[in-house]
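Worksheet: the structure to be examined is printed underneath.
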Amino acid sequence: MSDNPISTALAKVEREPGVRKPDPLLVVDGVTRTFGGLTAVHVDTLEVQRGTITALIGPNGAGKTTLFNVISGFDRADTGHWTFDGQELTGRAAHRVARRGLVRTFQLTKTLSKLTVLENMKLAARHQRGERMGLSMLWPVWRGQERGIVRRADELLERFRLSHMRDEYAGTLSGGQRKLLEMARALMVEPTMIMLDEPMAGVNPALTQSLLEHITALRDEGMTVCFVEHDMDVVMGISDWVVCMAEGSIVAEGPPQSVAKNPAVIDAYLGRQHDEPENEG
Amino acid sequence: MDWEVILSDALRSGIGPIAAVYALAAIGLNLHFGYTGLLNFGQIGFMLVGAYGVAASVSTFGLSLWVGVLIGLGSSVILALLLGLPTLRLRAEYLAIATIAAGEILRLFYRSSWAEPVTGGVFGLQQFADEFFDINPIPRDQYGFWLVNYSSRDLWVLLVAWGLVALFAGVMALMVHSPWGRVIRSIREDEDAVRSLGKSVYAYKMQSLVFGGAIGSLAGMMLAIQNQSVNPDTYNPVETFFLYTLLVLGGAGRMLGPVIGSILFWAILSFFDSALRQAISAGYISSDVLSAAEIGAARFALVGLGLMLLMIFRPQGIFGSRREMLLDVR
Ligand SMILES: Nc1ncnc2c1ncn2[C@@H]1O[C@H](COP(=O)(O)OP(=O)(O)OP(=O)(O)O)[C@@H](O)[C@H]1O
Ligand SMILES: [Mg+2]
């Protein structure tokens, strides 16, 4: 990722924690979140450049998921505020955040087991008139729209190699397939920015490469991607920018190569014994 | 033992007005519990406000029965909002606690001497449904088959009650299989997933609570109308648990679950009742073991035993899908 326009835009940006970006989509200011005596998140400034792939790394318990939760409205912050695309997002309910175009996935996947894979996808579509109680009985009102939604869902399923599971219950998918479905489902919302919490965990290595290509393709289509990942090869491979958290704070950020060499990052990882990717069912 | 009598008793109950009323109330509860995952333990409260909406409108305020129906429906909407507004943002248990309390508080309130001028207190209200029976189009005669007989009045009640059941079972089928139903079913499984996709879970839960509660109030109205009487003690919290019993029996979250569940529940209950009665009078069961007065309790014990067997051998209920249930375990 050395000579695309994105890297050029970020080339002149200083490599220090909390640095301002030329065209930030997400701006986080002074956000803290404590659980009892534990400060899980303490982020002074964090800006995510529009149209980039930003990796959020850090050892277990660094506060990455908690930061995601706060920004996406699934948890509340004790202090601080944050804006998305210039609009205040502080304290907004989770569904409003998603409607604004910031959609997240979960570290522990939340696929809906008793819905089919296709239904999971259809659920995520926006502006379906049939989702209003008053119109739900009048199928002619929403049937046409539904067809368009199915077409879009099928395209995404094809792209994520889930077409063969289309009509199976999502509960029958493997852990890796659930990760894929959750990501495809998030894309059905047509977000401007997607936040992925460990999207590669448990995904079959053969599929990881194509998933990385999808993420890069999304970025090239103009989407902003922020993802948490433990696998350094993945991070180095596709990120335009890397942010490293440790003990709730941002300790380093910069282009992948510079962060890998940053002593603060090495300290953060060596301070605790850790370098394996998270595994889950 | 006269098996013909026993079986015809069971059949009469299974297709009777009470079975229809419970089926209707359970259709509402099925939306709450079966599809949305809301723990409403006070469906009887919705039935009560519906029944008294009709009865008090006519008996106390001299309004038309049909205005009373609207008032009953309105009361159920208000009750749903009062219960839902403070609790639906919280964990599921809060709605459960609020509804179980509301059911009992409503009963005590409606029977209190303070409310007596409107509700008739412990005496209840009677003879408010003449308008309903006046429009009975069925000619005066005896109708029936086998040992099951109906007057034209009974038949009219049955027709309307089962008509409502069919109507709302149909409406529910359409709604549950619509995009709206898709959101509702997803909320039952994982609220956070639904939120993350931009849907207001709170609004959908509220809609479910209001609509299912309104159906419950219609069931209450039907119960009051067919008896031409309301009494607060009919609306006991335990009735909600009978609704849950028949819902689990038929299969929660299934279209026909509440209907088949209610028919079977009342048929089985009546079967045991009739069979025990005959066995005692025929001397098969000594009156030292079980007296006629204890039959009422004994049949519920047998229903409980039956439910336990059902849970062991067919935990998803009669209409439930085993495949779907097993997905929970994974
Ligand atoms: N609901 C909660 N209650 C109490 N403590 C919490 C809660 N959620 C997170 N924490 C704590 O906050 C800290 C940050 O947790 P978080 O899950 O954000 O870390 P993470 O960087 O996502 O780690 P991982 O890489 O293991 O996913 C941890 O010490 C964790 O134990
Ligand atoms: Mg995490």
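The values are calculated or read from the model by the stated rules, or taken from the named source; none is laboratory data. Note that the coordinates shown come from a computational prediction; the quantities given were computed from them, not determined experimentally. Here Cβ is always computed from backbone atoms with ideal geometry, including for glycine, and neighbour counts include all displayed protein chains. These area figures cover heavy atoms from the full protein model, side chains too; ligands, DNA and RNA do not enter into them. Shrake-Rupley method; radii C 1.70, N 1.55, O 1.52, S 1.80 Å.
What the table below lists for this structure:
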| quantity | calculated |
| --- | --- |
| Long-range neighbours under 8 Å by Cβ, at least six apart or interchain, first residue assigned to a helix (DSSP H, G or I) within segment A:51-69, second within 8 Å of ligand 1 (Cβ to nearest atom) and among the β-branched types (Val, Ile, Thr) | A:LYS64/A:VAL228; A:THR65/A:VAL228; A:THR66/A:VAL41; A:LEU67/A:VAL41; A:PHE68/A:VAL228 |
| Checking A:LEU10 against (1) open to solvent by less than 30 Å² (accessible area, probe 1.4 Å); (2) under 20 Å from A:TRP241 (Cα atoms); (3) touching a residue at least 40 places away in the same chain (Cβ under 8 Å); (4) outside any helix (DSSP H, G or I), the condition it does not meet | (4) |
| Those residues of segment A:64-93 which are of a type in the set (A, V, I, L, M) and within 16 Å of ligand 2 (Cβ to nearest atom), in sequence order | A:LEU67, A:VAL70, A:ILE71 |
| Out of B:GLY50, B:GLY28, B:GLY45, B:GLY34, sole residue that is open to solvent by less than 10 Å² (accessible area, probe 1.4 Å), farther than 29 Å from B:SER186 by Cα and either modelled with pLDDT of 95 or more or under 16 Å from the mean Cα position of the chain (by Cα) (or both) | B:GLY50 |
| Contacts under 7 angstrom Cβ, first residue in segment B:285-300 being open to solvent by less than 40 Å² (accessible area, probe 1.4 Å), partner in a loop (DSSP other than H, G, I, E, B), 6 or more apart | B:ALA298/B:LEU290 |
| A:GLY271 within 28 Å of A:GLU14 (Cβ to Cβ), modelled with pLDDT under 85, open to solvent by 60 Å² or more (accessible area, probe 1.4 Å) and within 16 Å of ligand 1 (Cβ to nearest atom) | yes |
| Residue ranges of helices (runs of 4 or more DSSP H) in segment B:256-330 with at least 1 members within 14 Å of another protein chain (Cβ to nearest Cβ) | B:322-326 |
| Tally of residues being within 7 Å of chain A (Cβ to nearest Cβ) and over 22 Å from A:ARG100 (Cα atoms) across segment B:195-209 | 1 |
| Long-range neighbours under 8 Å by Cβ, at least six apart or interchain, first residue over 17 Å from B:MET47 (Cβ atoms) and free of Cβ contacts under 8 Å to residues at least 12 places away in the same chain within segment B:88-115, second hydroxyl-bearing (Ser, Thr, Tyr) and open to solvent by 50 Å² or more (accessible area, probe 1.4 Å) | none |
| When residues of segment A:20-33 are limited to those that are of a type in the set (A, V, I, L, M) and crowded, with 20+ Cβ neighbours inside 10 Å, the one nearest to ligand 1 (Cβ to nearest atom) | A:VAL31 |
| Lone qualifier among A:GLY36, A:GLY61 - being open to solvent by 10 Å² or more (accessible area, probe 1.4 Å), within 13 Å of ligand 2 (Cβ to nearest atom), away from every other protein chain (no Cβ under 14 Å) and among the small types (Gly, Ala, Ser) | A:GLY61 |
| Scan of segment B:144-155 for residues that are open to solvent by 30 Å² or more (accessible area, probe 1.4 Å) and in contact (Cβ under 8 Å) with a residue 12 or more places away in the chain, ordered by number | B:TRP146, B:LEU147, B:ARG153, B:ASP154, B:LEU155 |
| Verdict on B:ALA224 being assigned to a helix (DSSP H, G or I), over 15 Å from B:GLY317 (Cβ atoms) and touching a strand residue (DSSP E or B) at 6+ places or on another chain (Cβ under 8 Å) | yes |
| Residue match in segment A:42-56 (condition: farther than 24 Å from A:GLY175 by Cβ and within 13 Å of ligand 1 (Cβ to nearest atom)) | yes |
| Filter result for A:GLY222 (touching an Asp or Glu at 6+ places or on another chain (Cβ under 7 Å), open to solvent by 30 Å² or more (accessible area, probe 1.4 Å) and away from every other protein chain (no Cβ under 14 Å)) | no |
| Given (1) surrounded by 20 or more Cβ atoms within 10 Å (Cβ to Cβ); (2) at the interface with chain B (Cβ under 10 Å from one of its Cβ atoms), index of the condition A:LEU135 fails | (1) |
| Within segment A:64-111, tally of residues that are within 14 Å of another protein chain (Cβ to nearest Cβ) and over 17 Å from the mean Cα position of the chain (by Cα) | 3 |
| Residue within segment B:170-177 that is buried (at least 24 other Cβ atoms within 10 Å of the Cβ) and within 14 Å of another protein chain (Cβ to nearest Cβ) present | no |
| Residue tally, condition open to solvent by 10 Å² or more (accessible area, probe 1.4 Å) and either at pLDDT below 90 or away from ligand 1 (no atom under 16 Å from the Cβ) (or both), over segment A:248-258 | 4 |
| Selected residue (only one of B:GLY181, B:GLY212 is within 12 Å of chain A (Cβ to nearest Cβ), touching a Leu at 6+ places or on another chain (Cβ under 8 Å) and either surrounded by 15 or more Cβ atoms within 10 Å (Cβ to Cβ) or not β-branched (Val, Ile, Thr) (or both)) | B:GLY212 |
| Selected residue (only one of B:ASP192, B:ASP233 is at the interface with chain A (Cβ under 8 Å from one of its Cβ atoms) and of a type in the set (D, E, K, R)) | B:ASP192 |
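Here is a yes/no grid of residues against (1) closer than 30 Å to B:VAL183 by Cβ; (2) part of a helix (DSSP H, G or I):
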| residue | (1), (2) |
| --- | --- |
| A:GLY171 | yes, yes |
| A:LEU187 | yes, yes |
| A:MET195 | yes, no |
| A:ILE215 | yes, yes |
| A:CYS226 | yes, no |
| A:VAL242 | no, no |
| A:ILE250 | no, no |
| A:ALA268 | no, yes |
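The rows are residues; the columns are (1) open to solvent by less than 20 Å² (accessible area, probe 1.4 Å); (2) out of contact with any strand residue (DSSP E or B) (no Cβ under 9 Å at 6 or more places or on another chain); (3) in a helix (DSSP H, G or I); (4) within 16 Å of ligand 2 (Cβ to nearest atom).
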site	(1), (2), (3), (4)
A:ASP154	no, yes, yes, no
A:ASP167	no, no, no, no
A:ARG178	no, yes, yes, no
A:PRO191	yes, no, no, no
